[in-house]
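Visitor: Got a structure here, written out as structure tokens. Questions coming.
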Amino acid sequence: MRSKSVVRVVLAEDGVLLREGLIGLFERFGFRVVEAVGDAEALKEAVAVHRPDLVVTDIRMPPGFTDEGLRAAVELRRIDPGLGVVVLSQYVQHRYAAELIDTGGGYGVGYLLKDRVVDVEAFIDALHRVADGGTAVDPQVISQLLRRRSGPLSALTTREREVLSLMAEGHSNAAIARRLHVSEAAVGKHTGSILSKLDLSRTDDTNRRVLAVLAYLNGDR
Amino acid sequence: MSAWPWRSIGYLLTTLPSAVAAFATLGVPWLVLAVRLAQGRARAGEVAVLVLIGVSLAAVPGPLAAAWLSGRELRRLRTVDARPVQARFRSGRRLRSRYTDPLAWREVGYVLLLATVSPVLVLAVMAIALMAVTFAASPIILGAQGAGAGPVTLVFGKVDSVVGTAPYAAAGAALLLLLPYLATALAGAHAAVARALLTGGASERLRAELVEVSRSRTRLADAFEAERRRIERDLHDGAQQRLVGFTLKLGLARLDLPPDSSAAALVDEAHGEAKQLMAELRELIHGIRPQILTDLGLPAALGELADRSTVPVVVEADVPERLPALVENTVYFVVAEALTNAAKHSRATCVTVTARVKGGALDVEVRDDGHGGADPDRGSGLTGLADRVAVTGGRMLMSSPAGGPTVLRVEVPCDPSPSSE
């Protein structure tokens, strides 16, 4: 597990206040911020210089204030598919999430709404997941996907839908059990039931499961 | 004595060059005709040819010459008419409108009058003035000639003594006093005709005003739109960013406090409220102008609306370029309202949003498969949006028969342009 050692982070965020706040947050949780920059070009240079474990970047950055951060993230992942990348978005844009998850087989990527950073522990948890090669997808993205997909999803129980949401966000069985205050065995039963109802193959690899569920939810788009 | 008689005289004198110009372009055949008729030697064929030439001149180059002359005449009108001249309204700048606009033909009429009637009247006034001066000066003329130089002819008779000129001198003096009034009256009449024919009637003025009003309305709406963008940017760069930083600090502070302490509970509560505030501010900014619309344009923003909707929405957007900010924002909010209505009232299971730019207009259609029966006049929020659409020069149409489907259509004229900051 890489996150047992110190995770070295390059941060890209153009808002000075938030950048300082995030640096404080990262240091508080034992990440090492090797460089913090304010635009996408500087981000690419910093990654080339420091070769960090994790990149956290805002999507909307100078000069165009559209999707510079995402473009840089996709490019960095193409060069090094093992680089963990978390992008922070102002609004849910499924295309962004899908494009990012498409890189490096979906391992070690995160797409989160910017507002999530204030839920300190959940945010740090997501960063660790990505640094460990997992996936972190914003709950709002998942809830929109769930709302749109009908069909087999309507056969799920309420609890199964909850479990499915957490699976899709990128949580392991153990993490889901903690969240829902149930035993890991119970979660295992739920996931088995969900996967068979959705006609997805069973796997114990959390990340492969996450990607299968995401692919399913993105299905008819 | 006020300046008006002098202005009137100036106006009448400057009428002559205009009349000459008008005459040179349109009047010659008519003069020839008049002379021939006066001579009593005109043959029918000759008359027909002259009339044909005169009419063709008025009909073909007439409106073009008249437009040019009318512009000059309106400027000249200011010498005797202080009222503002209404901007002339033309239905279009194209050549065709020179021949289809009623105003163009009134201008031709004016120019014909200018070529024929007005020089006659002006010359008549000048003749009267000359006569008045001669009469008034007759005692001096006779005095200067000395006795025995023979009688002098004075229009109505011969006079051979200074004493005999007395009635003429009196009449001349009276005429000279009346002359300013005559000039003012004629100038006034000319000006009235010019105003009536060249500036158009009440409906013409109303049209011109309407055009100006809708233009100024569009300018205002554009200004509002620019202001909305400024507010959105200010809130986003300022308050929102500070608030996220602040909330983050509260979140961190909570972690450093003993979990069971009252301080931890308070900070926890404050953190929750700050998060609520963040959500509210985000919604507020979104309602002013959605950031996704500013960043990525209409297709992406419509896609986001579809993602937020509780009813499945299919978006087909063919909008290759960025559109003016006002158009983007208006259409976005119309579609947002239509989707909200579809979700709330129609029991639709599927909504299709199509948007395409075709022939300089953006056509947007929102169609649901619900039970219809929506009343656009009743509390649907669509009335206000119809006004916003009207400001862009577009229109909004709605069809919602009982049993469905409900179709909302918006057509907005637009020239694709980079949405400038």
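We did not get these values from a lab; they are worked out from the coordinates using the rules stated. The structure presented is a predicted model; accordingly, all values stated were derived computationally and were not measured. As a convention, Cβ positions derive from the backbone with ideal geometry for all residues, glycine included, and neighbour counts pool all protein chains shown.
Visitor: Could you tell me how far the Cα centroid of the stretch B:111-135 sits from the Cα centroid of the stretch B:345-399, in Å?
Guide: 66
Visitor: Run the numbers on the stretch B:291-413 and let me know its relative contact order in percent, using alpha-carbon pairs under 8 Å that are six or more apart. Provide the component values of the computation, followed by the final result.
Guide: Working: 230 pairs, mean separation 28.2, N = 123.
That works out to 23 percent.
Visitor: Per-residue mean of other chain beta-carbon atoms within 10 angstrom of the beta-carbon, peptide A:20-28? Mind showing how you got there, number by number?
Guide: Working: counts 2, 10, 3, 0, 4, 5, 0, 0, 3.
Per-residue shielding by partner chains comes out at 3.
Visitor: In percent, what relative contact order does the stretch B:216-288 have, based on Cα pairs under 8 Å that are 6 or more apart in sequence? Intermediate results must be reported in sequence, preceding the final value.
Guide: Values: 30 pairs, mean separation 27.7, N = 73.
Rounded, it is 38 percent for the stretch B:216-288.
Visitor: Using the alpha-carbon atoms, what tilt in degrees (0 to 90, nearest 10) does helix B:262-288 show relative to the longest principal axis of chain B?
Guide: Relative to chain B, helix B:262-288 is tipped by roughly 30 degrees.
Visitor: What does the structure give for B:162-173 when I average, per residue, the other chain Cβ atoms found within 10 Å of the residue Cβ?
Guide: 0
Visitor: Using Cα positions and a limit of under 19 Å, work out the lysines in reach of residue A:114, with same-chain residues fewer than 8 apart set aside.
Guide: Within the straight-line cut-off, residue A:114 pairs with B:249, B:275.
Visitor: Charges on Cβ only, +1 for Lys and Arg, -1 for Asp and Glu, centred on the Cα centroid of the stretch B:4-200; of B:6, B:191, B:164, which one is farthest towards the dipole's positive end?
Guide: Checked the options; the winner is B:191.
Visitor: Here is a follow-up. Would you list which lysines come within 16 Å of residue A:197, measuring only between C-alpha atoms, while excluding same-chain residues fewer than 8 positions from it?
Guide: Output for residue A:197: A:189.
Visitor: While we're looking at this one, here's another question. Search the structure for amide H atoms under 5 Å from the amide H of residue A:33, placed 1.01 Å from N in the peptide plane, and list their residues when 5 or more places away or on another chain.
Guide: For residue A:33, the qualifying residues are A:9.
Visitor: Among the aspartates and glutamates, select those whose C-alpha is under 18 Å from the C-alpha of residue B:344, and discard any that sit fewer than 8 residues away in the same chain.
Guide: Cross-link targets: B:307, B:368, B:369, B:375, B:377.
Visitor: With the contact rule set at Cα under 8 Å and sequence spacing of 6 or more, what percent relative contact order holds for the stretch A:142-218? Don't skip to the end; give the middle numbers.
Guide: Working: 62 pairs, mean separation 27.8, N = 77.
The value is 36 percent.
Visitor: Oh, and also: Against the longest principal axis of chain A, how steep is helix A:120-131, in degrees 0 to 90 to the nearest 10, with axes from Cα atoms?
Guide: 90
Visitor: Within 10 Å of each candidate Cβ there may be at most 13 other Cβ atoms; applying that plus a DSSP loop requirement, which GluC sites (Glu not before Pro) in the stretch B:294-351 survive? Don't jump to the answer; show the numbers that get you there.
Guide: Values: sites: B:304, B:316, B:321, B:328, B:337; in loops: B:321.
Hits after loop and neighbour filter: B:321.
Visitor: Calculate the mean, over all residues of peptide A:85-92, of how many other protein chain Cβ atoms lie within 10 angstrom of the residue's Cβ. Write out the running numbers ahead of the final one.
Guide: On the way: counts 0, 0, 0, 0, 1, 8, 13, 4.
Mean shielding count: 3.
Visitor: Stretched out fully, how many nm does the piece from residue B:82 to residue B:260 gain, at 0.36 nm a residue minus the Cα gap?
Guide: On the way: separation 178, 0.36 × 178 = 64.08 nm, distance 8.50 nm.
Here the segment from residue B:82 to residue B:260 would lengthen by 55.6 nm.
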